[in-house]
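Below you'll find the structure, written out as structure tokens, and then a few comments.
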Amino acid sequence: MSSSPAILVFDIETIPDVLTGQRLHPELAGLSDEETTEQMITLREAETGGKPFMPLPLHQVACLSVLWVANGQMTLKSLALNNHSEAQILQTFFKALDKTPTLVSWNGKGFDLPVMVYRALQHGLAAPALFQDTGDMKYNNYLNRYHDRHTDVMLKLAMGSTLQKLDVVASMCGFAGKQDTTGYDVVPMVQAGEWQRLTTYCESDVLNTWLVYLRYQRLMGKLSMEQSDAWEQQTRAYVESLTNDDGTPRHAKFLAAWLGEDKQISADNVIEQNNTLAN
């Protein structure tokens, strides 16, 4: 893949758009952001019979994480609302499409990109590269469901059958999976100002998606077993090199889950408990 077009693996984490929520529900005006979020979720659950998932236009992008893979090298970055406006996050992503990378996502065609398009519409942004469908992009562009310029790995693997969660497929392949954080934790993390935890979580989804994508490329015969293994090893080495601002390993839990260290610890705990009971 070193000579192939650049690859951009991406994922977003979202929170309810409280301003639009207050416009749609005037009775929420004057409430705090946290109170508005709580009421929006309650109203949505009443509307859907218990499901809190907001309509796509009401998802505000709180974090965007991307893995840029080009010329045999990779770069993992995140943008979040603590340091950037939503418009800046979106514009940065759309600007990257000027280089026409292959987009790789998990449910990106069903969630991430539609949300980003709705939010760009709200902010009055332009994203011409996303909608390009002439020249070289005529027969392989980002929006046609049958094209691979945007490879939604979830859809590809489902092959028209039941869609699967990233956590399930990544864990099945021996990768880290979700560990102890899920999408339901995003709103509480934002409300608590846990931005490092949020971006680390979003990045872990990107890494899981990338690793499953490598296996998918092997499955299709586009990567040999040796090439796929080499990319996995390079990814592991790269993730091991990432640190937080304070110098601590950024993805220690991800690596432990991937390497099976957490499972080994659990197994050791069981053995220790059994020995204790036996004594």
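The values are calculated or read from the model by the stated rules, or taken from the named source; none is laboratory data. As the structure is a computational prediction, the values presented were derived from the model and not from experiment. Backbone-built Cβ (ideal geometry, glycine too); neighbour counts: all protein chains shown. For accessibility, only protein heavy atoms count, side chains too; no ligands or nucleic acids. Shrake-Rupley method; radii C 1.70, N 1.55, O 1.52, S 1.80 Å.
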Inset, instruction - Among the candidates V187, V206, single out the residue that is within 30 Å of Q39 (Cβ to Cβ) and in contact with a Ser or Thr (Cβ under 7 Å, 6 or more places away or on another chain). - result: V187
Inset, instruction - Restrict the check to the stretch 73-93 and report whether at least one residue is open to solvent by 30 Å² or more (accessible area, probe 1.4 Å) and at pLDDT below 95. - result: no
Legend entry - Residues satisfying the stated conditions in the stretch 66-101, i.e. in contact (Cβ under 8 Å) with a residue 40 or more places away in the chain and small (G, A, S): A70, G72, S78, A80, A96
Inset, instruction - Go through the stretch 2-48 and count every residue that is at positive phi and within 24 Å of the chain's Cα centre (by Cα). - result: 0
Inset, instruction - Might you let me know whether the stretch 216-226 holds any residue that is farther than 20 Å from N71 by Cα, under 15 Å from the mean Cα position of the chain (by Cα) and modelled with pLDDT of 95 or more? - result: no
Inset, instruction - Identify the single condition in (1) over 16 Å from the mean Cα position of the chain (by Cα); (2) open to solvent by 30 Å² or more (accessible area, probe 1.4 Å) that Y142 does not satisfy, given that it satisfies every other one. - result: (2)
Legend entry - Residues of the stretch 162-187 satisfying the condition of being at pLDDT 95 or above, over 15 Å from V212 (Cα atoms) and out of contact with any helix residue (DSSP H, G or I) (no Cβ under 8 Å at 6 or more places or on another chain): T162
Inset, instruction - Residues that are within 20 Å of V9 (Cβ to Cβ) and β-branched (V, I, T): find the helices (runs of 4 or more DSSP H) completely inside the stretch 66-138 holding 1 or more of those. - result: 86-96, 113-123
Inset, instruction - From (1) at pLDDT below 95; (2) open to solvent by 70 Å² or more (accessible area, probe 1.4 Å), pick out the condition that doesn't hold for E27. - result: (1)
Legend entry - Subset of the stretch 42-63 (residues that are part of a helix (DSSP H, G or I) and out of contact with any helix residue (DSSP H, G or I) (no Cβ under 8 Å at 6 or more places or on another chain)): T42, L43, R44, E45, A46, E47, T48
Inset, instruction - Select from the stretch 232-277 the residues that are of a type in the set (D, E), over 23 Å from V212 (Cα atoms) and assigned to a helix (DSSP H, G or I) and write down the one among them that is modelled with the lowest pLDDT. - result: D268
Inset, instruction - Sort through V104, V153, V117 and tell me the only one that's touching a residue at least 12 places away in the same chain (Cβ under 8 Å), hydrophobic (A, V, I, L, M, F, W, C) and farther than 20 Å from D205 by Cα. - result: V117
Inset, instruction - Return the total of residues in the stretch 82-120 being under 26 Å from Y216 (Cα atoms), touching an Asp or Glu at 6+ places or on another chain (Cβ under 9 Å) and basic (K, R). - result: 1
